[in-house]
Amino acid sequence: MTARSPSLRAAVLAALALAASPLAAQEAVQVFQGARLHPVSGPAIDNGVLIVAGGRIVAVGGADLTVPAGAQIIDCSGKVITPGLVDAGTTMGVDARDLNEQGEEVTPAVHILDAIDPASRDFVRARNSGVTCAQINPGNRNVIGGFGAVVKTAGDTLAEMLVMDESGLRLTMGSEPSSGNRAIRGGRPEGIYYRRPTTRMGVVWEARKAFYDAMAYQQQKTDPNADPETMAIDPGMEVLSRALKQEVLVRTTARAEQDIRTALRLAEEFGYKTLVEEATEAWRVIDDLAAAEVPVLFSAPSSMNGGEGTDVRYNTIVALAARGVPFAICSGAGGAPLPLIHEATFAVRYGLSKDVALAAVTLRAAEILGVDDRVGSLRAGRDADLVVWSGDPFDPTSRPLAVYVSGEEVSE
Amino acid sequence: MTPARRSSAASPPHSRTFPMTLSRLLKATGLAALLAVPSAAQDQLVVKAGTLHTFAGDPIQNAVILIENGRITAIGSADEIEAPWNAKVVDATNMVVLPTWVLAHTPGGLSGGNENMANVPFLTVQDAIDPSDTFFDEAIRNGVGTLHVIPGNSTLLGGRGMVVRPYGKTVEDMTVRDAGGLKLSLQADRGNSRMAQIRALRNALKDAQDAKAELERQRTEWQKEKDAGATEKKEFDGEIDELKKPVVDLIDGALTGYLFVPSAAEVPEVARLKEQYPAMKLVLVLGPSCYKAADRLKELGYPIVLEDESIEYVERDPETGDETTVCPPKVFADAGIEFAISLSQSGNSARRYPWWQMATMVRHGVDRGVALRSLTTVPARILGVDAEFGTLEVGKVASLQVLEGDPLAATTWTRWVVLEGEVAYDKTADKRLQVLFGETAPASGEGTTGGSDRQEGSR
């Protein structure tokens, strides 16, 4: 599984430089032969053939697929190939001290992209476990914490890794943004720990106030009588205005029942597009989630501690699937999540079908992130991000034998 | 606990005699009558197994196990054995039957397993086991049938363990062997340096040796006096201080020590201890990095139990920052060293599951048989209960589990657990599992973990 072409690196770089241009022709062609293929976008193919060139998937099919002459054949008999896994909610690659900009409670204009360290061991760990693409969020200590980004887990520079910037604005419900804050009882009021909010109510108020301010800002900007010369541009308000116009996805972190309900209520109140992240108590709010057609990024199935005093239920994901709520499985929550495939394995343990579980860590995740035109399935034209497994990926005795990003093996 | 109760009519394979404070209290207050609800005596039980792993021979398809008074009286294929018409039947014809798991070392189920005083070999977990701890529910739900519950790793000489089954309302009900091993730890805690910890252990052992020598001196003196007719005492009545007795027994080899070795750096000290106290019997409980001393550990020859975190862990190179995932069981298996494994007692770790721990090893290339033995025959032998547990054979105690599928598959759940001939766990009667699966609404006030964890999980 170590076969690789040194010239592919150049091909990848070239392909990325050309953005969405069709594959650079003359490059080496790799053929993965004999594996059970899970394209996710279609039914599994036994003894399949997967053709990769120029960092992209060229063709996917059965044993009858014509193999181009001179192609490099990689024998994968007895193995299983899935798309590279997509983790739709993480904080990987960012130093813990850099996750939360605590200058203010509401920091919509900051970008996690500025804090991502491409050399972080998190990425090595992620790609060794089969994760090739991940949404990276700012932390949850701010009410509005800023923009996340979708990146590949391999690449020398951030530019090379980046799939999509501004892929969601983090909004956090519950007690996290107020934890550590204290009301002023004597002491020095300018200290950072005396900042607001100090309660769950305060958190929601900060969010609501931010969006009201953005509405006022928009109104002021569009006021025909206003002098554009005197109108100061406020980057934060610009971002929130874009959210109000549904140009930016608001990712609301909410674990407890009341926080999930608040997340849905706020989105309805201000008309922004949202999804619910973590969603530990989604099982209590399943009707509302289904009615609101709000996607859920559930993390993490193996965890029995959802925080916030929440009650964990094994059947949450099965219930989401049964009600048709769009969802993905993420490793995102606190504690020590397992590698993403094992988190999905726990969902299978709790009754989710393997096909749905695989989709929840590949194509569904990519769709929710809006990057399914690049990743999440084995289809012609998609990036050649794939994992060769020793066996059924949901068998805990299986392991990834080789992981490819844009056709290049990146696992150690 | 599961609703089924131990039958008071069935004769327990192990009897015990020491007085139990709790049971006395219950009897005195009349609570015992309320708790001890006797079920119909189940003298005979038949288990029909689709696949039977006895761990004493090849797997048997379509097998029957005959159980009488808590012991196995016959095992064979369905066409060889005739089941008594009136016996209760566990029909597992589509399932997998194997012995219950044996844990050679766990600090689970204790209320306070780490005494603050460093040198307390005279304590016993008998006074710390909390039968209502959900750890035991979780254990039986995961097919664990025999556990050596012993103090944690934070105390130098932490006290004695006991072997229990995860079933019963009182410690008395749960007891398999009231005399377990003595816990020792080389973990430098409470601000101690490693030097001080090692020194403290040597001192404690030396103390016991001195106490023993002093007793011998007194005996010789008495003998002299007796021979000279200078004493009335016909028998020597000196004895070792009760507080030191367990350590004296330890160095004499009359009591097995379970020594926690946090890292490879402490292994040379184990070698020194062996040299100095050759009669001492030890079981080594190993932290993750101990695999680096595998050769040395093989020479020493002590039985080995791997801590739950020692199955797979990430090692970071302090200079290059490179991370390597290591599977210590693979290293031990390759070196031909036998080992038992542990489960996490944390309710929030995948390591609490036997299937996870075993599958993790197999993922790293350990043989399935080695993985399965690390929770059955090896720990049973370490605990000295292998004549009764760890395999399914005629004459042995009928403690077995019925699994819905392969023991290493994530999708497999425990359907039944039979402990000493009695159905002690039935998945369909596991109320807590039903709540966790959202099949029944939680009772009012049930389930919330309260406010204490509100701050956890922040990023």
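Here's the yes/no breakdown for (1) surrounded by 21 or more Cβ atoms within 10 Å (Cβ to Cβ); (2) at pLDDT below 90; (3) assigned to a strand (DSSP E or B); (4) not polar (S, T, N, Q):
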{"site": "B:Ala41", "(1), (2), (3), (4)": "no, yes, no, yes"}
{"site": "B:Gly50", "(1), (2), (3), (4)": "no, no, yes, yes"}
{"site": "B:Gln61", "(1), (2), (3), (4)": "no, no, yes, no"}
{"site": "B:Val64", "(1), (2), (3), (4)": "yes, no, yes, yes"}
{"site": "B:Ile75", "(1), (2), (3), (4)": "yes, no, yes, yes"}
{"site": "B:Glu82", "(1), (2), (3), (4)": "no, yes, no, yes"}
{"site": "B:Gly113", "(1), (2), (3), (4)": "yes, yes, no, yes"}
Practice task
Just give me the residues in region A:314-345 being within 7 Å of another protein chain (Cβ to nearest Cβ), buried (at least 23 other Cβ atoms within 10 Å of the Cβ) and either among the hydrophobic types (A, V, I, L, M, F, W, C) or farther than 14 Å from A:Leu358 by Cα (or both), in sequence order.
Solution key: A:Ala333
Problem - Verdict on B:Gly365 being more than 14 Å from chain A (Cβ to nearest Cβ) and among the small types (Gly, Ala, Ser) - result: no
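Return the only residue of B:Arg141, B:Arg177, B:Arg190, B:Arg199 being under 20 Å from the mean Cα position of the chain (by Cα) and modelled with pLDDT under 95.
None of the others qualify; the one that does is B:Arg177.
Please find, within region A:325-353, the residue that is nearest to the chain's Cα centre (by Cα) out of those that are of a type in the set (S, T, N, Q) and assigned to a loop (DSSP other than H, G, I, E, B). Give the derivation first.
Quick first cut of region A:325-353, residues of a type in the set (S, T, N, Q) only: A:331, A:345, A:353.
When the remaining residues are screened for being assigned to a loop (DSSP other than H, G, I, E, B), the result is A:331, A:353.
Details: A:Ser331: 10, A:Ser353: 22 Å.
Only one residue fits best here, namely A:Ser331.
Yes/no matrix, rows are residues, columns are (1) surrounded by fewer than 21 Cβ atoms within 10 Å (Cβ to Cβ); (2) within 14 Å of another protein chain (Cβ to nearest Cβ); (3) more than 17 Å from the chain's Cα centre (by Cα):
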| site | (1), (2), (3) |
| --- | --- |
| B:Val305 | no, no, no |
| B:Val314 | yes, yes, yes |
| B:Pro318 | yes, yes, yes |
| B:Glu323 | yes, yes, yes |
| B:Pro328 | no, no, yes |
| B:Asp334 | yes, no, yes |
| B:Ser346 | yes, yes, no |
Exercise for the section: Those residues that are in contact with a helix residue (DSSP H, G or I) (Cβ under 6 Å, 6 or more places away or on another chain) and either more than 14 Å from A:Leu320 (Cβ to Cβ) or surrounded by fewer than 24 Cβ atoms within 10 Å (Cβ to Cβ) (or both), I need them from region A:296-310; list them, please. Expected result: A:Ala300, A:Ser302
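So is B:Val378 hydrophobic (A, V, I, L, M, F, W, C), part of a helix (DSSP H, G or I) and in contact with a strand residue (DSSP E or B) (Cβ under 8 Å, 6 or more places away or on another chain) or not? So that I can check it myself, show each step before the final result.
Working: hydrophobic (A, V, I, L, M, F, W, C): yes; part of a helix (DSSP H, G or I): yes; in contact with a strand residue (DSSP E or B) (Cβ under 8 Å, 6 or more places away or on another chain): yes.
Yes: the conditions hold for B:Val378.
Might you let me know whether region B:63-76 holds any residue that is in contact (Cβ under 8 Å) with a residue 40 or more places away in the chain, in contact with a Pro (Cβ under 7 Å, 6 or more places away or on another chain) and not assigned by TED's automatic domain parsing to the domain that holds B:Leu201?
Going residue by residue through region B:63-76, those that are in contact (Cβ under 8 Å) with a residue 40 or more places away in the chain are B:65, B:67-75.
Retained after the next criterion (residues that are in contact with a Pro (Cβ under 7 Å, 6 or more places away or on another chain)): B:70-71.
Checking the rest, the ones that are also not assigned by TED's automatic domain parsing to the domain that holds B:Leu201 come to B:70-71.
Scanning region B:63-76, I find at least one residue that is in contact (Cβ under 8 Å) with a residue 40 or more places away in the chain, in contact with a Pro (Cβ under 7 Å, 6 or more places away or on another chain) and not assigned by TED's automatic domain parsing to the domain that holds B:Leu201, so the answer is yes.
Restrict the check to region A:136-149 and report whether at least one residue is in contact (Cβ under 8 Å) with a residue 60 or more places away in the chain, among the β-branched types (Val, Ile, Thr) and surrounded by 24 or more Cβ atoms within 10 Å (Cβ to Cβ). First the steps, then the outcome.
Start the filter on region A:136-149 by keeping residues that are in contact (Cβ under 8 Å) with a residue 60 or more places away in the chain, which leaves A:137, A:140, A:143-144, A:147-148.
Going one step further and asking which of them are among the β-branched types (Val, Ile, Thr), we end up with A:143-144.
Okay, now just the ones that are also surrounded by 24 or more Cβ atoms within 10 Å (Cβ to Cβ), so A:143-144.
So far as region A:136-149 goes, yes, one or more of its residues are in contact (Cβ under 8 Å) with a residue 60 or more places away in the chain, among the β-branched types (Val, Ile, Thr) and surrounded by 24 or more Cβ atoms within 10 Å (Cβ to Cβ).
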Completion exercise
Residue hits (region A:82-134; more than 25 Å from A:Asp373 (Cα to Cα) and of a type in the set (A, V, I, L, M, F, W, C)) are A:Val94, A:Ala96, A:Leu99, A:Val106, A:Ala109, A:Val110, A:Ala115, A:Ala119
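Hey, can you tell me all the residues within region A:288-305 that are within 20 Å of the chain's Cα centre (by Cα) and more than 7 Å from chain B (Cβ to nearest Cβ)? Steps first, please.
Kept after step one, since they are within 20 Å of the chain's Cα centre (by Cα), are these residues of region A:288-305: A:289, A:293-303.
A:Leu289, A:Glu293, A:Val294, A:Pro295, A:Val296, A:Leu297, A:Phe298, A:Ser299, A:Ala300, A:Pro301, listed by residue number.
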Fill in the blank from the handout: Restricted to region A:355-412 and to residues being basic (Lys, Arg) and under 18 Å from A:Arg36 (Cα atoms), the residue farthest from the other protein chains (Cβ to nearest Cβ) is A:Arg379
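The values are calculated or read from the model by the stated rules, or taken from the named source; none is laboratory data. All figures in this text were calculated on a predicted structure; none of them were measured in a lab. Positions of Cβ are generated from backbone atoms using ideal geometry, with glycine treated the same way; all protein chains shown enter the neighbour counts.
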